[in-house]
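Undergrad: One structure coming up, written as C-alpha cells, with questions to follow.
The values are calculated or read from the model by the stated rules, or taken from the named source; none is laboratory data. It should be emphasised that the depicted structure is a prediction, and the values quoted were computed from it without experimental measurement. Virtual Cβ from ideal backbone geometry, glycine too; neighbours counted across all protein chains shown. Side chains included, ligands, DNA and RNA excluded: accessible areas come from the protein's heavy atoms. Shrake-Rupley method; radii C 1.70, N 1.55, O 1.52, S 1.80 Å.
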Amino acid sequence: MQSLPPVRIGVVAGEVSGDLLGAGLLKSLKQRIPDIQFEGIGGPEMIAQGCHSLFPMERLSVLGITEVLGRYSEISDIRRRLLKHFLSNPPDVFIGIDSSGFNLGLEQKLKQAGIPTVHYVSPQVWAWRGWRIRRIRRAVDHMLVLFPFEEKYYRARQVPVTFVGHPLADQIPDVPDRDTFRQKLKLPFDATIIALLPGSRTSELKAHADLFVRTASWLHARNKRLSFIAPLVNRETRVIFEEAIKRNDAWDLPMTRMFGHSRDAMAASDIVLLASGTAALEAALLKRPMVVTYKMSFFSNLLIKLFSQVKLYSMPNHLAGQALVPELLQGNAVPEKLGEAIEYYLSNPARVKLICKEYQKIHDQLRRNADERAAEAVVAILQKTVHGKKMHKTG
C-alpha cells in the first residue's frame, strides 16, 4: 500500500448510532495511518478514538419535525461555523456519518470547494423520496453503505459506492446463548419471555406504550406462563411506559423493566415485539422471531404512502425479499392481532426454525468486517488525493 503523509480527516456524527460507527472507522484508520488527526463533531466513542469535537454532538441529536424546527437556527449556525472552519483549514477528506439532514448540505459545499466527501450510511432514498439522489450526487464523492441492495441502487445511478457490511453483523455471534443472557439479567431459565421494545424516542413511546402494555395483558390473560421484559432507553421513556402500565391496570403483569440493555433483553427472550426500526435488524441477527409494528400520525402515514417505493418496511423482510416476519402497522396495530402473531410463533416451532435459517443467510450476507472495509475505502480515496496533489505540484 502506498504510504501516506500526515492526514487530517473532517468527520461529523450526529447521534449515538453514528458515534459508534464512527469510532470503529476511526480506530481502523489509525491502524493504517499512524499520523492521522480527526476533527468535527463526535460523541464519547469517537472522542475516545482521538476525535476533536468542535461542538457537542448532543446539539445535533434532534428527533421529529417539531424539535428540528425549534432548533433550526442553532443547527444552521453550527453547520455554517463548521463549513467556515473546514474551508479555512481544508481536511484531506470529509466523512459525514449518517445524519443526512445535516451532513449532505455540508458535504455539498465542501465538495464544491474541492474537498473529497464520503458519506457513511445511506439515507433511505431507495425506500422513499427517491428524488434526493440528485442532491446526493451533488454532495457525495463516495458512498459507504451497510446493505448489498444499496450498492446496486447507487451503482445504477452512477454514484461511486462501497458495500462495507453492517457492524452489528460483525459483533453478534451466530447463535447467542439465551441462558447466558438470562443469567446476566437474572431472568428465569424456564419461562417463556417476550421482549417488548416500543421504540427509543419519546414520540414512539407515546404512540406505542399503551399498545404494548395491552398486548402483554392480552397475552398473559390467555397464557399465565408468559413473562415480559421491557428495556427502555432512559428515565423519560420509562416514565411514559410506566404511566401506560398504570392506565391499563397492568402492575400485576410479570414484567421486568430496565434501562438500556436492549440487545441483552432480546437475546434473553423467546420472541420480540418491537417498533419498526434498527431493533428489527438486531433481533434478526440475534435469531429471535419477531412481530414488527408501528403507529404514526395520519399525516405522516399519508406522506409515507404517497412517496414510499417499497412494500416491505422492516429491514429483515427487505433483505429477505419476502414477508419473513409480520408487519402490523397503523390500523392493524391492535393488541389482538399482535398477540395472535406472537401466539403463532409459540405454536409453530417449525416456522420459527425456518425463519432462523433465513436470519442466518442475512447474517452471512452482512458480516463483512465493516470497520475494516470502510477504512480501506477511505484510504483508497486518500491515496488518490495525495497522488493528485503530487501531480499538481509536479505540474
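Undergrad: Ordered by packing density, taken as the mean number of other Cβ atoms within 10 Å over each peptide's residues, highest first, how do 48-55, 269-276 rank?
TA: Final packing ranking: 269-276, 48-55.
Undergrad: Here's another thing I want to ask about it. Any chance you could run the full-extension gain for K206 through K184? It's 0.36 nm times the residue separation minus the Cα-Cα distance, nm to one decimal.
TA: 5.0 nm
Undergrad: Mind checking the per residue accessible area of the chain for me, 1.4 Å probe, whole number of Å²?
TA: With the other protein chains kept in place, the chain gives 48 Å² per residue.
Undergrad: If you don't mind, another one. Can you compute the label reach from R138? Point 7 Å from Cα along the Cβ direction, backbone N cut-off under 14 Å, restricted to segment 80-114.
TA: Residues passing the 14 Å test: 104-113.
Undergrad: Based on the Cβ-Cβ distance from A221 to Q322, what FRET efficiency comes out when R0 is 56 Å, to the nearest 0.05?
TA: FRET efficiency, A221 to Q322: 0.95.
Undergrad: Could you state the angle between the C-alpha long axis of helix 335-347 and the longest principal axis of the C-alpha atoms of the chain, as a value from 0 to 90 degrees rounded to the nearest 10?
TA: 90 degrees
Undergrad: Given R₀ = 25 Å, FRET efficiency for A113-E74 by Cβ-Cβ distance, to 0.05?
TA: Calculated value: 0.55.
Undergrad: Moving to a separate point now. What aspartates and glutamates does K224 reach when the alpha-carbon gap must be under 15 Å and sequence neighbours fewer than 8 apart in one chain are set aside?
TA: Those aspartates and glutamates meeting the cut-off are D190, D252, E343.
Undergrad: How many angstrom separate the Cα center of segment 107-180 from the Cα center of segment 1-49?
TA: Taking the Cα centre of each part, segment 107-180 and segment 1-49 sit 17 Å apart.
Undergrad: What ranking do 102-113, 176-187 get when scored by the average of other Cβ atoms within 10 Å per residue, highest first?
TA: Those peptides, ordered most packed to least, come out 102-113, 176-187.
Undergrad: At a Cα cut-off below 16 Å, give the aspartates and glutamates reachable from K295, other chains included and same-chain residues fewer than 8 away excluded.
TA: K295 reaches E204, D210, E327, E336.
Undergrad: What does the helix-only formula give at 222 nm for the chain: each DSSP H stretch with n ≥ 4 adding -39500 (n - 2.57), the total divided by the residues, and the result rounded to the nearest 500 deg cm²/dmol?
TA: Roughly -16000 deg cm²/dmol at 222 nm, from the helical runs in the chain.
Undergrad: Okay, moving on. Excluding same-chain residues fewer than 8 positions from K361, which aspartates and glutamates have a Cα within less than 12 Å of its Cα?
TA: Result set, ordered by chain and number: D174.
Undergrad: Please report, as a whole percent, how much of the solvent-accessible surface of the chain comes from carbon and sulfur atoms (probe radius 1.4 Å).
TA: Carbon and sulfur: 53 percent of the exposed surface of the chain.
Undergrad: So for each of 335-341, 117-123 I average, over its residues, the number of other beta carbons within 10 Å; can you give me the resulting order with the highest mean first?
TA: By packing density, highest mean first, the sequence is 117-123, 335-341.
Undergrad: Of the listed values (1) -0.80, -0.96; (2) -0.62, -0.77; (3) -0.71, -0.85, grab the one calculated as log10 I(q)/I(0) by the Debye sum over Cα atoms at q = 0.10, 0.11 Å⁻¹ from the structure here.
TA: Read-out taken from this structure: (3).
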